[in-house]
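Following: one structure in C-alpha coordinates, then a few remarks.
The values are calculated or read from the model by the stated rules, or taken from the named source; none is laboratory data. This is a predicted model, so every value here is computed, not measured. Backbone-built Cβ (ideal geometry, glycine too); neighbour counts: all protein chains shown. All accessible areas refer to the heavy atoms of the entire protein, side chains included, with ligands and DNA or RNA removed. Shrake-Rupley method; radii C 1.70, N 1.55, O 1.52, S 1.80 Å.
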Amino acid sequence: MTGSPEQDEVSTERSSVSEWMRALGRATGNPGGGAASGLMLSIAAGLTSMVAGYTEPEHASAGGTSGGTSESGDDPEATITALRARAEARSALALRLADADAEASHAFGSAFRRPRGPERDEAIRAASIEAAAASARLGEHAVEAVDDLAWLATHGNPALIADVAVAIGALRAAITGARTNVSFDLGSVRSAHESLEEVRRAEPALFDLVPVFDRALERIDRLAASIDADAAPTE
(Lines give C-alpha, C1' and ligand atoms only; values in the text may rest on other atoms or scores of the structure.)
Protein backbone atom coordinates (compact mmCIF):
# COMPACT_ATOMS: atom_id res chain seq x y z
CA MET A 1 0.00 0.00 0.00
CA THR A 2 1.38 3.39 -0.96
CA GLY A 3 1.54 5.77 1.97
CA SER A 4 2.27 9.46 2.28
CA PRO A 5 5.47 10.89 0.74
CA GLU A 6 7.03 10.89 4.21
CA GLN A 7 6.25 7.18 4.62
CA ASP A 8 7.48 6.31 1.13
CA GLU A 9 10.84 8.01 1.75
CA VAL A 10 11.66 6.10 4.93
CA SER A 11 14.98 4.31 4.52
CA THR A 12 16.90 2.28 7.08
CA GLU A 13 20.15 3.60 5.58
CA ARG A 14 19.20 7.26 5.24
CA SER A 15 16.46 8.09 7.76
CA SER A 16 17.07 9.27 11.30
CA VAL A 17 16.48 6.77 14.10
CA SER A 18 13.36 8.63 15.26
CA GLU A 19 11.93 8.79 11.71
CA TRP A 20 12.59 5.11 11.16
CA MET A 21 11.05 4.10 14.49
CA ARG A 22 7.91 6.12 13.78
CA ALA A 23 7.61 4.40 10.41
CA LEU A 24 8.17 0.98 11.99
CA GLY A 25 5.22 1.58 14.31
CA ARG A 26 2.81 2.39 11.47
CA ALA A 27 0.50 -0.25 9.99
CA THR A 28 2.23 -0.12 6.61
CA GLY A 29 4.71 -3.00 6.86
CA ASN A 30 7.52 -0.85 5.46
CA PRO A 31 9.80 -0.97 7.34
CA GLY A 32 8.89 -4.30 8.89
CA GLY A 33 10.54 -7.32 10.43
CA GLY A 34 13.01 -7.85 7.61
CA ALA A 35 14.31 -4.30 7.76
CA ALA A 36 14.44 -4.58 11.55
CA SER A 37 16.63 -7.67 11.16
CA GLY A 38 19.01 -5.63 9.03
CA LEU A 39 19.10 -2.90 11.63
CA MET A 40 19.91 -5.46 14.33
CA LEU A 41 22.80 -6.78 12.22
CA SER A 42 24.08 -3.22 11.82
CA ILE A 43 23.88 -2.69 15.59
CA ALA A 44 25.75 -5.93 16.25
CA ALA A 45 28.44 -4.95 13.74
CA GLY A 46 28.71 -1.44 15.18
CA LEU A 47 29.25 -2.78 18.68
CA THR A 48 31.77 -5.27 17.31
CA SER A 49 33.72 -2.43 15.76
CA MET A 50 33.55 -0.41 18.98
CA VAL A 51 34.83 -3.25 21.16
CA ALA A 52 37.59 -3.98 18.66
CA GLY A 53 38.56 -0.30 18.78
CA TYR A 54 38.96 -0.51 22.56
CA THR A 55 40.93 -3.75 22.37
CA GLU A 56 44.70 -3.48 22.58
CA PRO A 57 47.07 -6.22 21.40
CA GLU A 58 47.88 -7.08 25.02
CA HIS A 59 44.21 -7.88 25.64
CA ALA A 60 44.24 -10.30 22.72
CA SER A 61 47.49 -11.86 23.85
CA ALA A 62 46.07 -12.42 27.33
CA GLY A 63 42.94 -14.14 26.05
CA GLY A 64 42.28 -17.84 25.78
CA THR A 65 42.54 -20.04 22.72
CA SER A 66 38.84 -20.49 21.93
CA GLY A 67 36.77 -18.14 19.80
CA GLY A 68 36.92 -17.04 16.18
CA THR A 69 39.76 -17.76 13.85
CA SER A 70 42.34 -15.23 12.72
CA GLU A 71 43.61 -14.77 9.19
CA SER A 72 46.53 -12.76 10.59
CA GLY A 73 48.40 -15.57 12.31
CA ASP A 74 49.83 -14.61 15.70
CA ASP A 75 49.72 -10.84 15.10
CA PRO A 76 46.98 -9.54 17.43
CA GLU A 77 47.20 -5.98 16.12
CA ALA A 78 46.63 -7.10 12.54
CA THR A 79 43.77 -9.33 13.66
CA ILE A 80 42.08 -6.46 15.50
CA THR A 81 42.52 -4.11 12.55
CA ALA A 82 41.04 -6.62 10.12
CA LEU A 83 38.18 -7.48 12.46
CA ARG A 84 37.27 -3.83 12.93
CA ALA A 85 37.35 -3.18 9.18
CA ARG A 86 35.03 -6.11 8.56
CA ALA A 87 32.62 -4.92 11.23
CA GLU A 88 32.51 -1.35 9.89
CA ALA A 89 31.83 -2.60 6.37
CA ARG A 90 29.21 -5.05 7.64
CA SER A 91 27.39 -2.35 9.59
CA ALA A 92 27.02 -0.17 6.49
CA LEU A 93 26.09 -3.13 4.28
CA ALA A 94 23.41 -4.27 6.73
CA LEU A 95 21.54 -0.98 6.36
CA ARG A 96 21.54 -1.33 2.57
CA LEU A 97 20.35 -4.93 2.89
CA ALA A 98 17.56 -3.74 5.19
CA ASP A 99 16.33 -1.38 2.47
CA ALA A 100 16.59 -4.13 -0.14
CA ASP A 101 14.53 -6.39 2.11
CA ALA A 102 11.92 -3.64 2.51
CA GLU A 103 11.67 -3.27 -1.28
CA ALA A 104 11.22 -7.03 -1.65
CA SER A 105 8.54 -7.00 1.05
CA HIS A 106 6.70 -4.21 -0.76
CA ALA A 107 6.65 -6.29 -3.97
CA PHE A 108 5.50 -9.28 -1.91
CA GLY A 109 2.51 -7.35 -0.57
CA SER A 110 1.67 -5.95 -4.00
CA ALA A 111 1.56 -9.45 -5.50
CA PHE A 112 -1.04 -10.60 -3.01
CA ARG A 113 -3.26 -7.60 -3.83
CA ARG A 114 -3.54 -8.58 -7.49
CA PRO A 115 -6.81 -10.04 -8.83
CA ARG A 116 -6.92 -13.81 -8.58
CA GLY A 117 -5.66 -15.68 -11.60
CA PRO A 118 -2.50 -17.00 -13.29
CA GLU A 119 -0.80 -13.59 -13.32
CA ARG A 120 -1.35 -13.23 -9.58
CA ASP A 121 0.04 -16.71 -8.97
CA GLU A 122 3.18 -15.95 -10.97
CA ALA A 123 3.61 -12.60 -9.21
CA ILE A 124 3.25 -14.26 -5.80
CA ARG A 125 5.79 -16.91 -6.70
CA ALA A 126 8.34 -14.42 -8.02
CA ALA A 127 7.87 -11.99 -5.12
CA SER A 128 8.02 -14.74 -2.51
CA ILE A 129 11.29 -16.10 -3.87
CA GLU A 130 12.81 -12.63 -4.14
CA ALA A 131 11.74 -11.79 -0.58
CA ALA A 132 13.26 -15.06 0.65
CA ALA A 133 16.47 -14.32 -1.26
CA ALA A 134 16.70 -10.83 0.26
CA SER A 135 16.38 -12.23 3.78
CA ALA A 136 18.85 -14.99 2.93
CA ARG A 137 21.50 -12.48 1.86
CA LEU A 138 21.10 -10.63 5.13
CA GLY A 139 21.24 -13.86 7.12
CA GLU A 140 24.40 -15.07 5.41
CA HIS A 141 26.21 -11.86 6.33
CA ALA A 142 24.92 -12.20 9.89
CA VAL A 143 26.28 -15.75 10.16
CA GLU A 144 29.69 -14.49 9.02
CA ALA A 145 29.68 -12.05 11.94
CA VAL A 146 29.58 -14.81 14.56
CA ASP A 147 33.29 -15.60 14.24
CA ASP A 148 34.33 -12.03 14.99
CA LEU A 149 32.13 -11.80 18.08
CA ALA A 150 33.43 -15.15 19.25
CA TRP A 151 36.98 -13.85 18.93
CA LEU A 152 36.14 -10.71 20.91
CA ALA A 153 34.37 -12.75 23.58
CA THR A 154 37.70 -14.45 24.30
CA HIS A 155 40.32 -11.89 23.28
CA GLY A 156 38.57 -8.53 23.47
CA ASN A 157 38.94 -5.86 26.13
CA PRO A 158 37.34 -7.50 29.19
CA ALA A 159 35.93 -4.16 30.36
CA LEU A 160 33.56 -4.24 27.37
CA ILE A 161 32.27 -7.80 27.78
CA ALA A 162 28.76 -6.43 28.44
CA ASP A 163 28.85 -4.73 25.02
CA VAL A 164 29.85 -8.05 23.48
CA ALA A 165 26.82 -9.61 25.15
CA VAL A 166 24.54 -6.92 23.70
CA ALA A 167 26.08 -7.45 20.26
CA ILE A 168 25.47 -11.18 20.56
CA GLY A 169 21.82 -10.52 21.37
CA ALA A 170 21.44 -8.17 18.41
CA LEU A 171 23.10 -10.67 16.10
CA ARG A 172 20.80 -13.41 17.36
CA ALA A 173 17.81 -11.24 16.52
CA ALA A 174 19.17 -10.61 13.02
CA ILE A 175 19.69 -14.30 12.28
CA THR A 176 16.35 -15.25 13.82
CA GLY A 177 14.63 -12.70 11.59
CA ALA A 178 16.43 -13.91 8.48
CA ARG A 179 15.73 -17.57 9.23
CA THR A 180 12.04 -16.98 9.90
CA ASN A 181 11.52 -14.72 6.89
CA VAL A 182 13.27 -17.10 4.49
CA SER A 183 11.12 -19.97 5.72
CA PHE A 184 7.88 -17.96 5.73
CA ASP A 185 8.47 -16.49 2.28
CA LEU A 186 9.22 -19.91 0.80
CA GLY A 187 6.07 -21.23 2.41
CA SER A 188 4.08 -18.37 0.87
CA VAL A 189 4.65 -19.84 -2.59
CA ARG A 190 1.92 -22.32 -1.64
CA SER A 191 -0.52 -19.46 -2.24
CA ALA A 192 0.45 -19.80 -5.90
CA HIS A 193 -0.77 -23.42 -5.79
CA GLU A 194 2.63 -25.07 -5.39
CA SER A 195 3.54 -27.56 -2.69
CA LEU A 196 6.49 -27.10 -0.34
CA GLU A 197 8.20 -30.05 -2.01
CA GLU A 198 7.87 -28.36 -5.41
CA VAL A 199 9.36 -25.18 -3.96
CA ARG A 200 12.18 -27.18 -2.35
CA ARG A 201 13.08 -28.76 -5.68
CA ALA A 202 13.00 -25.39 -7.43
CA GLU A 203 14.93 -23.44 -4.75
CA PRO A 204 17.20 -25.91 -2.93
CA ALA A 205 19.82 -23.31 -1.98
CA LEU A 206 17.27 -21.18 -0.14
CA PHE A 207 15.74 -24.19 1.60
CA ASP A 208 19.18 -25.40 2.72
CA LEU A 209 19.93 -22.07 4.41
CA VAL A 210 17.28 -22.57 7.10
CA PRO A 211 19.24 -25.30 8.94
CA VAL A 212 22.42 -23.22 8.47
CA PHE A 213 20.73 -20.42 10.36
CA ASP A 214 19.51 -22.88 13.00
CA ARG A 215 23.07 -24.04 13.65
CA ALA A 216 24.28 -20.44 13.84
CA LEU A 217 21.65 -19.70 16.48
CA GLU A 218 22.76 -22.71 18.50
CA ARG A 219 26.34 -21.45 18.35
CA ILE A 220 25.29 -17.96 19.40
CA ASP A 221 23.43 -19.37 22.39
CA ARG A 222 26.52 -21.29 23.47
CA LEU A 223 28.62 -18.16 23.03
CA ALA A 224 26.21 -16.07 25.11
CA ALA A 225 26.24 -18.68 27.87
CA SER A 226 30.03 -18.79 27.88
CA ILE A 227 30.36 -15.10 28.77
CA ASP A 228 27.31 -14.65 30.97
CA ALA A 229 29.17 -15.02 34.26
CA ASP A 230 31.51 -12.18 33.28
CA ALA A 231 28.90 -10.00 31.57
CA ALA A 232 26.28 -10.35 34.35
CA PRO A 233 28.20 -11.20 37.54
CA THR A 234 25.30 -10.36 39.90
CA GLU A 235 23.28 -13.36 38.72
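Per atom type, the chain shows carbon and sulfur on 53% of its accessible surface, probed at 1.4 Å. The Cα-based radius of gyration of the chain, divided by its Kirkwood radius, gives an Rg/Rh of 1.05. Normalising the average separation of contacting C-alpha pairs (under 8 angstrom, six or more residues apart) by the number of residues puts the relative contact order of the stretch 80-169 at 28 percent. Shown is the FRET efficiency for E103 and E56, computed with R0 = 30 Å from the Cβ-Cβ distance and rounded to the nearest 0.05: 0.10. Taken along the Cα-to-beta-carbon direction at a fixed 7 Å, the label points for A159 and E77 span 2.0 nm. Rounded to whole numbers, the Karplus 3J(HN,Hα) couplings from phi for the stretch 108-123 are 4, x, 5, 4, 6, 8, 5, x, 4, x, x, 5, 5, 4, 5, 5 Hz, using 6.51 cos²θ - 1.76 cosθ + 1.60 with θ = phi - 60°, and x at Gly and Pro. For the stretch 139-146, putting each phi into the Karplus relation 6.51 cos²θ - 1.76 cosθ + 1.60 with θ = phi - 60° gives couplings of x, 5, 5, 5, 4, 4, 6, 4 Hz, in residue order, rounded to whole numbers and with x for Gly and Pro. Kirkwood Rh and Cα-based Rg: tell me the resulting Rg over Rh for the stretch 69-147, rounded to two decimals. That ratio is 1.26, to two decimals.
Rolling a 1.4 angstrom probe over the protein heavy atoms with all chains in place gives the chain an accessible area of 51 Å² per residue.
Taking only C-alpha pairs under 8 Å that are 6+ residues apart, what is the relative contact order of the chain in percent? Dividing the mean separation by the residue count of the chain yields 26 percent. Relative to the longest principal axis of the C-alpha atoms of the chain, give the angle of the C-alpha long axis of helix 204-231, reported between 0 and 90° and rounded to the nearest 10°. Helix 204-231 and the main axis of the chain meet at about 40 degrees.
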